[in-house]
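The values are calculated or read from the model by the stated rules, or taken from the named source; none is laboratory data. Bear in mind that the values here come from a model prediction, so they are computed numbers and not experimental data. Quick reminder, even Gly has a Cβ in these numbers, built from the backbone with ideal geometry, and neighbours come from all protein chains shown. Just so you know, the surface numbers come from the protein's heavy atoms only, side chains and all, with ligands and any DNA or RNA stripped out. Shrake-Rupley method; radii C 1.70, N 1.55, O 1.52, S 1.80 Å.
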Amino acid sequence: MSVSTAHSVDRRILELASKLAESSNGSDPVLLLHLREILTSAAPGGKELQRLKEEAYSYGLVQYCVLVLKHDYSRVEGGWRTGAALADVLSKCCVGLDPKSDAEDFYSKLLPSAALNILVLGRRVQARYVRSVRDEEGAELLRCFRLAMESLCWLFSGHIQLAELVLRQEHFLQLLMTDDVESGAAVMSVLQAILRANSTVLHHIPEETLHPILDELVYKLSASSNPVTGRSATLSLLHMVESNPQIVQTVCARYKGLRSLLSKQWTGKGFGRELGRLLDILYSSIYQQEELQRLHRAARTIQAMWRGFQIRKRMRRLPGAVTSLQRSFRAKREQEMKQMKRQRDEELLRERLKLQRLRAMREFREKQLTLLEIVHAGQMDKHIRETQERSALIIQRHWRGHRDRRQFLLQKQILRQYKAAVAIQRAALRFLKKRRRVRESLSPWKKHKDLTDEERLRLQQKVDTRLQLHPAQQMSLEQSQQLHEKVQDRLGYFLLGRKQQQRAEQCREALLAQINTDISMLMGAPSLKDATEKDVDFFTSRSVPVALKAKQCHSTMLKRSRWPWWKKLSDEFVEEDNTCLGDIPDLEHGIIFIAGSKQP
């Protein structure tokens with residue numbers, strides 16, 4: 001720690017830390033009680049108090065208080081009163097403390113340890129209070145126990161996340177399971193404070209933790225006749241059922257005689273208001289359960305009637321189902337018999353064909369033997385050779401046929417793929433040609449024809465002559481960059497303004513075409529007395545070219561409005577859809593309507 005930081009720390013905390021470092025373990029709890037004097041010297045809720053808490057935590061005094069709570073205070077100066085006071089000091093130090101350096105250790109380790117040690121301290125004090133014989137000693141232990149419970153309430157009121165931890169601890173259930181009236185009321189007040197601080201804590205408590213607490217509260221209501229115990233247990237149970245409506249169902253199902261017990265045993269004991277609220281909640285839950293059971297019985301009755309109706313209806317249709325089943329069984333059996341007969345016929349046919357082949361082979365062998373007898377011995381080799389060649393030709397013919405058929409199937413697949421590729425390419429080329437035609441029809445310029453070699457040579461000679469007569473001035477790199485930026489700016493202005501000029505030119509041409517059309521129609525219009533309905537339709541209808549062009553312009557305007565900004569700079573990026581131009585012939589750009597071309 002630097003010198004400037006050491007001077008800013010409170011002198012009393014430094015002295016206390018040095019004394020703890022030099023003292024023995026027996027006097028540590030008494031020394032730690034000086035923290036209460038240090039904290040009470042600052043104004044409540046001020047920055048000075050917050051600074052003192054942070055300094056006490058940074059010097060390890062708060063952590064040491066958590067460790068010291070585990071001691072046996074029967075051998076410490078001041079006894080259990082010192083332990084209870086130390087628990088009170090610890091809770092006041094932790095509430096409102098938010099360390100910035102090691103906040104994770106503070107919230108995940110120190111606070112749970114502090115709550116657990118206070119519960120352990122409370123169990124020790126409660127055990128000695130129950131075994132105490134003298135009234136003075138019992139009163140002192142009871143004050144210490146209440147102070148420890150108040151310290152625990154103050155701790156989890158400042159850190160709500162500790163409420164669930166306290167309820168889950170086995171030490172809290174052991175504190176609650178006592179027959180003493182005063183200590184039991186103090187523990188139940190802690191339970192009430194937990195539910196007031198965090199009303200949703202019971203939603204996260206498992207049933208194996210919640211049921212023992214409910215059992216102990218109901219046991220106190222049934223086994224005790226003390227109004228203090230009854231009022232505390234009633235308030236605790238009321239807070240629990242109000243914080244979690246599901247507990248109402250659990251209480252009504254688990255403790256069926258609780259409602260009558262509360263009505264008979266605890267009516268008129270001085271806490272009728274809280275008792276009435278609890279009974280109203282239990283009565284309403286029981287009524288809801290009875291109503292739900294009545295609805296379940298009605299639903300079961302309806303289901304039984306419906307199932308009986310369905311079964312009777314199925315029984316009426318049973319003879320028809322049996323007839324249909326028999327018919328299907330007989331049809332299936334007949335089909336199987338036909339199949340078996342077909343198989344027998346096929347087997348007989350195979351046997352017959354086999355016998356015919358054997359007979360034909362025998363006859364062939366006999367013919368061969370006859371021929372061998374007829375043929376001269378000198379011609380036997382020639383006959384055998386001709387027979388082998390004929391057999392080889394037959395085998396080759398069959399093999400080539402099999403090979404050609406297999407190659408044909410492969411070639412057929414390749415030919416199908418080739419035709420598909422040709423069809424796709426043809427469609428793609430047709431589509432690209434159509435898009436190119438539409439783009440050329442919408443482009444504001446005409447493509448120039450390619451120059452011939454003679455024209456290109458003549459133009460090159462003119463350029464060389466011009467360069468010889470007017471040589472270019474040498475420019476520096478900075479001048480070239482400035483000129484390039486100037487050209488780029490002018491090109492940008494030109495591209496931005498060209499679209500507006502084109503739109504204005506199109507509007508002018510459209511207006512001129514409309515004026516020419518109106519003039520020609522007015523010049524050829526009949527007089528008013530000779531006018532008919534057909535003549536009136538001429539003046540109200542629009543020409544087909546104008547309608548098509550309007551549709552085209554509207555579609556183009558809608559598509560261009562959705563383009564990004566960079567696509568609107570030039571018409572070179574125009575990619576129009578040809579859905580409106582599929583049936584329109586090639587149109588010259590800029591011509592909307594020619595006067596006199598309208599057909600009546």
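Summarise the accessible area of segment 393-530 (1.4 Å probe, protein heavy atoms) by the percent that is carbon and sulfur. Numbers along the way, then the final one.
Details: 7640 of 13050 Å².
The nonpolar share, carbon plus sulfur, comes to 59 percent.
If we sort 28-37, 10-19, 231-240 on the protection proxy, mean other Cβ atoms within 10 Å, highest first, what's the order?
Details: 28-37: 17.7, 10-19: 14.6, 231-240: 22.5.
Per-residue mean Cβ counts within 10 Å order the peptides as 231-240, 28-37, 10-19.
In 5 Å bins starting at 0, how do the alpha-carbon pair distances of segment 1-131 split up by percent?
Pairs per bin, as whole percents: 2, 10, 21, 22, 20, 14, 7, 3, 1, 0, 0.
Mark the label point 7 Å from the Cα of GLU15 along Cα→Cβ and return the residues of segment 73-102 whose backbone N is within less than 16 Å of it.
none
Could you point to the label whose value was computed as log10 I(q)/I(0) by the Debye sum over Cα atoms at q = 0.07, 0.08 Å⁻¹ for the structure here, given (i) -0.88, -0.96; (ii) -0.49, -0.64; (iii) -0.80, -0.82?
(iii)
At 20 °C and 1.002 mPa s, what whole-number value in µm²/s does Stokes-Einstein give for the translational diffusion of segment 221-373, with Rh from the Kirkwood sum over Cα pairs?
Values: Rh = 24.5 Å.
Result for D is 88 µm²/s.
For segment 1-130, what does the relative contact order come out to in percent, with C-alpha contacts under 8 Å and a separation of six or more?
Numbers: 88 pairs, mean separation 33.2, N = 130.
Dividing the mean separation by the residue count of segment 1-130 yields 26 percent.
For segment 492-502, take each phi angle, set θ = phi - 60°, evaluate the Karplus expression 6.51 cos²θ - 1.76 cosθ + 1.60, and give the result in whole Hz per residue in order, putting x for glycine and proline.
Running phi through 6.51 cos²θ - 1.76 cosθ + 1.60 with θ = phi - 60° gives x, 4, 5, 5, 5, x, 5, 4, 5, 5, 5 Hz.
Could you give the dipole magnitude of the chain about its Cα centre, charging the beta-carbon of Lys and Arg +1 and that of Asp and Glu -1, in debye to the nearest 20? Walk me through the numbers before you get to the answer.
Numbers: 99 positive and 71 negative charges, 1151 e Å.
With Lys and Arg at +1 and Asp and Glu at -1, about 5520 debye.
Against the longest alpha carbon principal axis of the chain, how many degrees, from 0 to 90 and to the nearest 10, is the axis of helix 80-94 turned?
30
What angle, in degrees between 0 and 90 and rounded to the nearest 10, separates the Cα long axis of helix 181-197 from the longest principal axis of the Cα atoms of the chain?
30
Step through the table entries LYS109/LYS220; LYS354/LYS382; LYS462/LYS499; LYS434/LYS551; LYS70/LYS109; LYS462/LYS486, compare each Cα-Cα distance with 25 Å, and write down the pairs that go over it. Please list the in-between numbers first.
Details: LYS109/LYS220 35 Å; LYS354/LYS382 32 Å; LYS462/LYS499 34 Å; LYS434/LYS551 19 Å; LYS70/LYS109 16 Å; LYS462/LYS486 28 Å.
Distance filter (> 25 Å) returns LYS109/LYS220; LYS354/LYS382; LYS462/LYS499; LYS462/LYS486.
If each residue of separation counts as 0.36 nm, what is the full-extension length gain between GLN460 and LEU528 once their alpha-carbon separation is subtracted? Walk me through the intermediate numbers first.
Details: separation 68, 0.36 × 68 = 24.48 nm, distance 6.79 nm.
Here the answer is 17.7 nm.
Would you mind getting me the FRET efficiency between THR452 and GLN473? Use the beta-carbon distance for r and R0 = 30 Å, nearest 0.05.
Numbers: r = 34 Å, r/R0 = 1.12.
Using R0 = 30 Å, I get an efficiency of 0.35.
If you find the alpha carbon centre of segment 317-387 and of segment 86-102, how far apart are they in angstrom?
Here the answer is 103 Å between Cα centres.
In segment 105-146, which trypsin sites (Lys or Arg not before Pro) are in a loop and have at most 11 other Cβ atoms within 10 Å, using DSSP for the loop call?
Numbers: sites: LYS109, ARG123, ARG124, ARG128, ARG131, ARG134, ARG143, ARG146; in loops: ARG134.
Here the sparse-neighbourhood loop sites are ARG134.
Grab the Cα-Cα distance for GLU347 and ARG273, subtract it from 0.36 nm times how many residues apart they are, and report the gain in nm with one decimal. Walk me through the intermediate numbers first.
Details: separation 74, 0.36 × 74 = 26.64 nm, distance 9.92 nm.
So the extension gain works out to 16.7 nm.
Any chance you could give the angle, 0 to 90 degrees and rounded to 10, that helix 227-243 forms with the longest Cα principal axis of the chain?
Between helix and principal axis, roughly 10 degrees.
Sort VAL95, VAL68 from largest to smallest accessible area, using a 1.4 Å probe on the heavy atoms of the protein chains. Intermediate results must be reported in sequence, preceding the final value.
On the way: VAL95 25, VAL68 0 Å².
Largest to smallest exposure gives the sequence VAL95, VAL68.
Classify segment 250-332 from the C-alpha gyration tensor, please: rounded if a/c falls under 1.5, else prolate or oblate depending on whether a/b exceeds b/c. Walk me through the numbers on the way to the answer.
Working: a/c = 7.50, a/b = 5.69, b/c = 1.32.
Prolate, because a/c is 1.5 or more and a/b exceeds b/c.
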